[in-house]
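Below: the structure, in structure tokens.
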Amino acid sequence: MDLGLKGKRAIVLGVANKRSIAWAIAQALATEGVQLALTYQERMEESVRQLAEPLDNPMVLPCDVQRDDEVASVFRTIGDAWGALDIVVHSLAFAPREALDGDFLDTKREAFSMALDISAYSLVHVAREAAPLLEKAGGGSIITMTYLGSERAMPGYNVMGVAKAALEASVRYLAASLGPRGIRVNAISPGPMQTLAARGISGFTDMYKHAREVSALRRTNDPDEIGALAAFLASHHARGTTGEVHYMDCGYRFLGI
Ligand code: NAD
């Protein structure tokens, strides 16, 4: 199926290394002929620049979502270079390690605020900065990454589950706000995948093993299938869906026991 994405312009936030879900999405979009801008957090610059080398001359820009100046500068640079934007991929999250271990009851205010700020508020901020450029393209697609820990208590996922609940609610409110401007907002919810961020969750190994053993497909996600879903959601073929969480978890969520 031709997704009709050739020549579209996308920003992908959240590439850290070759295991990043954002990288799988960037590759899927690049394969469809999408022009890319990749952003990195300062300490990831070298790794992201190396990954970007084989791609067709992408922009590579710094963007820590806790720094308002960097977020503004990224969209100014994209506006100057491209004039408009079609796709935004928000694939990032963070919570202090101590909040991803032990009892949720012990979550401190600072860790709670930081997790919510980076993992949920950043989507609202990025969407607001991107909206004028998406509108100039005649509408667009914003995609973020979530996890089932938003609606079920998973061991060790703790404050990140609360952040994902806020992120999913933000998807719905942003979709309602931006829909009249032709901008769609959706989330993808995969099962557990072996990435840098996942390694910070104390219960991750058990979550991963359990998902492999009991999911209907008896496996966990391959990164490229998440890339494929993101490319579809970015495309004209998905023009009628917004405000939704799209599960691609190898058949885990729907199970009873
Ligand atoms: P990853 O570690 O490769 O990506 C996380 C990214 O977040 C990194 O690139 C990191 O630089 C970025 N980040 C953290 N703080 C930031 C900040 N202040 N400003 C800008 N960027 C910041 O891990 P991943 O698993 O690919 O995570 C991507 C998304 O997928 C996250 O939202 C994560 O919660 C979600 N997700 C992951 C899984 C999984 O099991 N790996 C499952 C479902 C959803």
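Would you please give the FRET efficiency between LEU105 and GLU42, computed as 1/(1 + (r/R0)^6) with r the Cβ-Cβ distance and R0 = 30 Å, to the nearest 0.05? Mind showing how you got there, number by number?
Details: r = 33 Å, r/R0 = 1.11.
Using R0 = 30 Å, I get an efficiency of 0.35.
For region 142-257, with equal point scatterers placed on the C-alpha atoms only and solvent neglected, what are the log10 I(q)/I(0) values from the Debye formula at q = 0.09, 0.15, 0.22, 0.23 1/Å, to two decimals?
-0.25, -0.69, -1.28, -1.34
Once the Cα atoms of the chain are picked out, what are the Rg and Dmax in Å?
Cα only, the chain: 17.3, 53 Å (Rg, Dmax).
If the chain between ALA198 and HIS237 were fully stretched, how many nm would it gain, using 0.36 nm times the residue separation less the Cα-Cα distance? Provide the component values of the computation, followed by the final result.
On the way: separation 39, 0.36 × 39 = 14.04 nm, distance 3.11 nm.
Length gained between ALA198 and HIS237: 10.9 nm.
Separation of region 183-203 and region 29-88 by C-alpha centroid, Å?
20
For a Förster distance of 41 Å, can you work out the FRET efficiency between the beta-carbons of ASP69 and MET1, rounded to the nearest 0.05?
Values: r = 41 Å, r/R0 = 0.99.
E between ASP69 and MET1, to the nearest 0.05, is 0.50.
Please build a GNM for the chain, connecting alpha carbons under 10 Å apart, and tell me which residue among ALA120, ALA72, ALA28 fluctuates the most.
The residue with the greatest mean-square fluctuation here is ALA72.
Express the carbon and sulfur contribution to the solvent-accessible surface of the chain as a percent, rounded to the nearest whole number, probe 1.4 angstrom. Write out the running numbers ahead of the final one.
Numbers: 6290 of 12380 Å².
Carbon and sulfur: 51 percent of the exposed surface of the chain.
For the chain, report the accessible area per residue in Å² (1.4 Å probe, heavy atoms, rounded to an integer).
48
Report the charge-dipole magnitude of the chain in Debye, nearest 20, computed about the Cα centre from +1 at each Lys and Arg Cβ and -1 at each Asp and Glu Cβ.
Numbers: 26 positive and 30 negative charges, 102 e Å.
Using Cβ point charges on Lys, Arg, Asp and Glu, the chain gives about 480 debye.
Apply 1/(1 + (r/R0)^6) to the Cβ-Cβ distance of ARG218 and THR77, taking R0 = 45 Å, and write down the FRET efficiency to the nearest 0.05. Let's see the in-between values first.
Details: r = 45 Å, r/R0 = 1.00.
Rounded to the nearest 0.05, the efficiency is 0.50.
The values are calculated or read from the model by the stated rules, or taken from the named source; none is laboratory data. Here the structure is a predicted model, which means the values were calculated and not measured. FYI the Cβ positions are ideal-geometry reconstructions off the backbone, even for glycines, and counts take in every protein chain you see. Surface accessibility is based on the protein's heavy atoms, side chains included, excluding ligands, DNA and RNA. Shrake-Rupley method; radii C 1.70, N 1.55, O 1.52, S 1.80 Å.
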